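Q: Before anything else, here's the structure in question.
The values are calculated or read from the model by the stated rules, or taken from the named source; none is laboratory data. Because the structure is predicted, anything quoted here is derived from the model rather than measured. Here the Cβ positions follow ideal geometry from the backbone for every residue, glycine too, while neighbour counts run over all protein chains shown.
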Ligand code: SAH
């Protein structure tokens with residue numbers, strides 16, 4: 001039986017010829033009746049030309065996710081296995097895979113596999129689905145991962161918010177092999193970090209900031225460092241390694257700070273302090289107390305989840321960065337991160353210009369950085385360039 005047919009509206013086909021993988025409802029003219037969610041579909045232009053094949057979900061705003069532009073290719077196990085092999089080959093070529101460290105092996109749109117991420121921590125894998133159709137095929141993906149990597153175990157983790165948007169209701173659990181005894185230690189630029197695969201945020205760790213943590217750490221020599229939204233204290237550990245006088249981390253999650261304490265103990269570095277609470281509140285308190293730092297890292301969670309939320313999100317970033325500047329001594333470094341895919345580097349730089357004007361400070365951009373190389377960016381889906389990290393000096 002050939003896949004169901006989806007026809008686009010007149011004038012809506014262009015992005016999909018350009019290989020953007022997300023088809024929103026506004027582009028769709030017709031869908032076959034009673035098409036089950038998760039079905040393989042063929043997408044056609046209004047003029048009746050084949051464009052691409054994808055997977056359908058009536059519950060998601062991303063109605064169809066596209067995977068191949070070849071009409072003869074079916075979306076079967078062999079097809080996905082080749083995509084996984086390509087993704088793993090990239091990380092192998094970059095020298096990123098070994099049994100001691102962490103690495104993102106598969107990154108959704110960036111690897112032409114919209115809706116699945118796979119992270120490797122030591123000998124364990126953690127799979128996270130952001131698409132119902134892909135989640136429905138999970139046993140096939142676990143088979144592929146076992147065939148390619150033979151891990152000690154595979155965890156399944158689903159983010160609650162995303163599960164809701166897609167209609168995925170899965171339990172977080174170990175699906176193949178055996179669980180580790182406890183959190184898994186990984187090495188990052190010579191430092192040890194503990195990763196809790198079953199309960200940590202995301203898949204247990206923020207692999208995307210790996211190179212930024214290292215680069216930012218190098219600026220810390222002789223400075224007091226403020227690590228805002230610190231999670232397990234990654235930026236703090238790197239700063240201490242490079243000679244920070246002291247680090248202060250802020251996070252609203254108690255379990256994140258427990259992890260930070262454990263990481264600090266394992267690495268046995270200089271003095272670090274952790275503050276539990278809302279970043280905005282705690283920053284205001286530090287401002288009031290007249291505290292000053294020579295290096296401040298702001299690494300907030302995603303503020304913009306939809307196009308309508310962009311303006312509010314920019315206001316949030318502006319408020320946050322203003323607070324940061326008030327705590328930064330002259331000649332200090334401000335590291336401003338943003339992980340909203342809908343907000344571009346230009347928008348962040350414009351926001352920083354406004355913040356400089358608000359606070360009457362000169363801001364010099366030193367580095368415009370993205371995520372670590374195991375998080376590539378798909379040229380045809382720039383939303384995959386979600387992480388921006390701008391390193392600045394402020395007089
Ligand atoms: N910098 C970290 C990753 C940060 S992820 C690293 O390099 O590993 C974002 C963090 O912000 C999470 O740990 C989350 O618990 C925390 N967070 C989210 N909202 C917050 C808020 N309003 N105040 C303080 N922390 C918050």
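Q: What strands (runs of 3 or more DSSP E) lie completely within segment 25-69 and have 2 or more residues being under 20 Å from residue 111 (Cβ atoms)?
A: 50-56, 64-68
Q: Moving to a separate point now. Select the strands (runs of 3 or more DSSP E) contained entirely in segment 148-225, then report the ones holding at least 1 residues which are more than 15 Å from residue 102 (Cα to Cα) and touching a helix residue (DSSP H, G or I) at 6+ places or on another chain (Cβ under 9 Å).
A: 153-157, 173-177
Q: So residue 247 ticks every box in (1) within 11 Å of the ligand (Cβ to nearest atom); (2) free of Cβ contacts under 8 Å to residues at least 60 places away in the same chain; (3) in a strand (DSSP E or B) but one. Which box is left unticked?
A: With (1) within 11 Å of the ligand (Cβ to nearest atom); (2) free of Cβ contacts under 8 Å to residues at least 60 places away in the same chain; (3) in a strand (DSSP E or B) applied to residue 247, the lone miss is (1).
Q: Identify the single condition in (1) within 14 Å of residue 342 (Cβ to Cβ); (2) in a helix (DSSP H, G or I); (3) in contact (Cβ under 8 Å) with a residue 12 or more places away in the chain that residue 302 does not satisfy, given that it satisfies every other one.
A: Result: residue 302 passes all but (2).
Q: Picking from 235, 280, which residue would you name as being within 12 Å of the ligand (Cβ to nearest atom), part of a helix (DSSP H, G or I), at pLDDT 95 or above and surrounded by fewer than 20 Cβ atoms within 10 Å (Cβ to Cβ)?
A: The conditions single out 280.
Q: If you don't mind, there's one more thing I want to ask. Would a scan of segment 215-228 turn up a residue that is farther than 16 Å from residue 293 by Cβ, under 20 Å from the mean Cα position of the chain (by Cα) and within 9 Å of the ligand (Cβ to nearest atom)?
A: Within segment 215-228, not a single residue is farther than 16 Å from residue 293 by Cβ, under 20 Å from the mean Cα position of the chain (by Cα) and within 9 Å of the ligand (Cβ to nearest atom).
Q: Something else about it: Filter segment 340-375 for residues that are crowded, with 20+ Cβ neighbours inside 10 Å and assigned to a loop (DSSP other than H, G, I, E, B) and give the result.
A: 340, 343, 371, 372, 374, 375
Q: While we're looking at this one, here's another question. Return the residues of segment 297-312 that are within 20 Å of residue 208 (Cβ to Cβ) and either over 18 Å from the mean Cα position of the chain (by Cα) or away from the ligand (no atom under 13 Å from the Cβ) (or both); say none if nothing qualifies.
A: 304, 305
Q: Determine the pairs where a residue that is at positive phi, located within segment 305-328, has a partner that is part of a helix (DSSP H, G or I) and at pLDDT 95 or above with Cβ atoms under 7 Å apart, the partner being 6 or more residues away or on another chain.
A: Pairs found: none.
Q: Considering segment 322-350 alone, what residues qualify as being out of contact with any strand residue (DSSP E or B) (no Cβ under 6 Å at 6 or more places or on another chain), within 29 Å of residue 222 (Cβ to Cβ) and within 15 Å of the ligand (Cβ to nearest atom)?
A: 323
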